[in-house]
Amino acid sequence: PDVHLRLMLYKRISAAANAEELREFQVELIDRFGLLSHATKNLIRIAAIKKSARALGVEKIDAADKGGYLVFATQSHIDAVALVQLVQNDSRRYRLQSSHRLQIIDDLTKVEARFRAVENLLQTLAVKNS
């Protein structure tokens with residue numbers, strides 16, 4: 001309930017450099033406050049996804065019940081070969097709407113399915129030698 005403490009914790013989540021720092025922070029939160037609520041776990045997971053996306057040059061991610069999309073920056077670190085293979089191998093699920101936008105068509109009504117879909121997609125599109 002302490003607004004100042006909550007804002008400080010949000011700032012620490014935002015300032016984490018990578019997924020490992022977020023995991024360490026999550027452990028610290030559990031030590032300090034006990035088991036985390038689903039909302040808190042989701043917040044940390046979203047922060048990790050944002051950091052991964054930013055590193056790849058993904059400007060926007062939108063995921064909803066029936067799918068979503070990723071918008072790539074002009075200068076991204078996406079593995080172009082992996083992107084083309086993804087679209088060719090699973091054209092019912094993935095479509096390139098332009099050179100900078102990948103559409104996802106899938107049943108993502110469950111929150112866990114949304115998280116997994118986005119996390120797996122980012123992992124698939126990461127340049128292999130980075």
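The values are calculated or read from the model by the stated rules, or taken from the named source; none is laboratory data. Computed from a prediction, not measured in an experiment: that's the story for all the values here. Cβ: placed from backbone, ideal geometry, glycine included. Neighbour counts: every protein chain shown. Quick note on the areas: whole protein, heavy atoms, side chains included, nothing else; ligands and nucleic acids left out. Shrake-Rupley method; radii C 1.70, N 1.55, O 1.52, S 1.80 Å.
Pairs needed: first member in region 71-96, within 13 Å of Ala55 (Cα to Cα); second member anywhere, small (Gly, Ala, Ser) and open to solvent by 30 Å² or more (accessible area, probe 1.4 Å); C-beta distance under 9 Å; at least 6 residues apart or different chains.
Listed by first residue and then by second, the contacts come to Phe72/Ser99; His77/Ala55; His77/Ser130; Asp79/Ser130.
Can you tell me how many residues within region 21-59 are more than 10 Å from the chain's Cα centre (by Cα) and either at negative phi or open to solvent by 70 Å² or more (accessible area, probe 1.4 Å) (or both)?
Step one: filter region 21-59 for residues more than 10 Å from the chain's Cα centre (by Cα), giving 21-44, 55-57, 59.
When the remaining residues are screened for being either at negative phi or open to solvent by 70 Å² or more (accessible area, probe 1.4 Å) (or both), the result is 21-33, 35-44, 55-56, 59.
Here the count works out to 26.
Quick test for you: out of Arg12, Arg23, Arg6, Arg32, pick the one residue that is of a type in the set (D, E, K, R), within 18 Å of Glu119 (Cα to Cα) and at pLDDT below 95.
Working: Arg12 fails: within 18 Å of Glu119 (Cα to Cα); Arg6 fails: within 18 Å of Glu119 (Cα to Cα); Arg32 fails: within 18 Å of Glu119 (Cα to Cα).
Exactly one of Arg12, Arg23, Arg6, Arg32 is of a type in the set (D, E, K, R), within 18 Å of Glu119 (Cα to Cα) and at pLDDT below 95, namely Arg23.
Can you pull out every residue in region 67-100 that is open to solvent by 60 Å² or more (accessible area, probe 1.4 Å), in contact with a Leu (Cβ under 7 Å, 6 or more places away or on another chain) and under 17 Å from Ala117 (Cα atoms)?
Within region 67-100, Leu96 is the sole residue that qualifies.
Return a yes/no flag: does region 93-111 have any residue that is in a helix (DSSP H, G or I) and more than 12 Å from Leu56 (Cβ to Cβ). Can you show your working first?
So the first thing to find is which residues in region 93-111 are in a helix (DSSP H, G or I), and the list is 111.
After this cut, where a residue has to be more than 12 Å from Leu56 (Cβ to Cβ) as well, the list is 111.
Yes, the conditions are met somewhere in region 93-111.
Could you please give the count of residues in region 40-61 that are assigned to a helix (DSSP H, G or I), free of Cβ contacts under 8 Å to residues at least 60 places away in the same chain and of a type outside the set (Gly, Ala, Ser)?
Residues that pass the stated criteria total 8.
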